[in-house]
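Data first, discussion second: the structure below is written as structure tokens.
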């Protein structure tokens with residue numbers, strides 16, 4: 001009769017358990033990092049500074065001409081946002097893209113009494129390196145552009 005040997009579970013199964021266990025730990029670590037990144041990027045994307053900058057870029061005729069429509073925001077926003085109550089500051093680089101190309105919105109802003117004020121809001125077009133200043137564009141819309149007679153009147157000396 002054949003002799004029955006009692007081997008432990010570990011001796012019978014270690015060859016598949018060690019690789020599966022190591023792979024499980026690696027997958028859990030990657031999932032944890034992805035969760036943290038999703039949380040951080042979600043916080044940035046939910047800020048008013050991010051939303052206002054993206055809305056201004058989407059409404060800019062120069063940006064729409066360069067990138068096409070629709071303009072979509074990218075996933076890997078970089079920079080920092082610091083909000084404490086009704087005040088804060090933000091420095092962000094927001095990747096955007098459209099059917100014609102891609103670019104990056106660079107912004108610097110301060111929040112005071114719950115209102116964001118941009119000190120820099122520029123879109124850099126990736127293919128050409130062109131920089132579109134959205135703040136200058138927002139202050140000088142076609143209906144607000146001074147005509148040549150107004151410019152000449154401003155330059156005339158007064159006695």
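The values are calculated or read from the model by the stated rules, or taken from the named source; none is laboratory data. Note that this is a predicted model, so its numbers are computed, not measured. Every residue, glycine among them, receives a Cβ derived from its backbone with ideal geometry; neighbour counts consider all protein chains shown.
Cβ-Cβ under 7 Å, sequence separation 6+ or interchain: first residue in segment 31-47 and within 19 Å of residue 83 (Cβ to Cβ), partner surrounded by 11 or more Cβ atoms within 10 Å (Cβ to Cβ). Which pairs?
Every condition considered, the pairs that remain are 41/77; 44/50; 44/77; 44/81; 44/92; 45/77; 47/81; 47/90.
Could you list, ordered by first residue, the pairs with Cβ atoms under 8 Å in which the first is in segment 113-130 and farther than 24 Å from residue 102 by Cβ and the second is part of a loop (DSSP other than H, G, I, E, B), at least 6 apart or interchain?
So the pair list comes out as 113/86; 114/86.
Filter segment 38-64 down to the residues that are farther than 11 Å from residue 92 by Cβ, buried (at least 19 other Cβ atoms within 10 Å of the Cβ) and in contact with a strand residue (DSSP E or B) (Cβ under 6 Å, 6 or more places away or on another chain) and list them by number.
Answer for segment 38-64, where residues must be farther than 11 Å from residue 92 by Cβ, buried (at least 19 other Cβ atoms within 10 Å of the Cβ) and in contact with a strand residue (DSSP E or B) (Cβ under 6 Å, 6 or more places away or on another chain): 57, 63.
Evaluate segment 99-107: report whether one residue or more is over 29 Å from residue 136 (Cβ atoms) and either in a helix (DSSP H, G or I) or under 22 Å from the mean Cα position of the chain (by Cα) (or both).
Within segment 99-107, not a single residue is over 29 Å from residue 136 (Cβ atoms) and either in a helix (DSSP H, G or I) or under 22 Å from the mean Cα position of the chain (by Cα) (or both).
Going by the structure shown, is residue 129 modelled with pLDDT of 85 or more and either surrounded by fewer than 11 Cβ atoms within 10 Å (Cβ to Cβ) or not assigned by TED's automatic domain parsing to the domain that holds residue 88 (or both)?
Details: modelled with pLDDT of 85 or more: yes; either surrounded by fewer than 11 Cβ atoms within 10 Å (Cβ to Cβ) or not assigned by TED's automatic domain parsing to the domain that holds residue 88 (or both): yes.
Considered against the rule, which asks whether it is modelled with pLDDT of 85 or more and either surrounded by fewer than 11 Cβ atoms within 10 Å (Cβ to Cβ) or not assigned by TED's automatic domain parsing to the domain that holds residue 88 (or both), residue 129 comes out as yes.
Out of the residues in segment 73-87 meeting the condition of being more than 12 Å from the chain's Cα centre (by Cα) and not in a loop (DSSP other than H, G, I, E, B), tell me which one is surrounded by the fewest Cβ atoms within 10 Å (Cβ to Cβ).
Of all residues in segment 73-87, those more than 12 Å from the chain's Cα centre (by Cα) come to 82-87.
Filter again for not in a loop (DSSP other than H, G, I, E, B), leaving 82-84, 87.
Values: 82: 10, 83: 14, 84: 8, 87: 13.
Out of the qualifying residues, it is 84.
Please find, among 138, 90, the residue that is in a strand (DSSP E or B), within 21 Å of the chain's Cα centre (by Cα) and either modelled with pLDDT under 90 or under 22 Å from residue 39 (Cα atoms) (or both). If you could, list the steps in order and put the result at the bottom.
Numbers: 138 fails: in a strand (DSSP E or B).
Going through 138, 90 in turn, the sole match is 90.
Does any residue of segment 65-72 turn out to be assigned by TED's automatic domain parsing to the domain that holds residue 99, within 31 Å of the chain's Cα centre (by Cα), surrounded by 15 or more Cβ atoms within 10 Å (Cβ to Cβ) and part of a helix (DSSP H, G or I)?
yes
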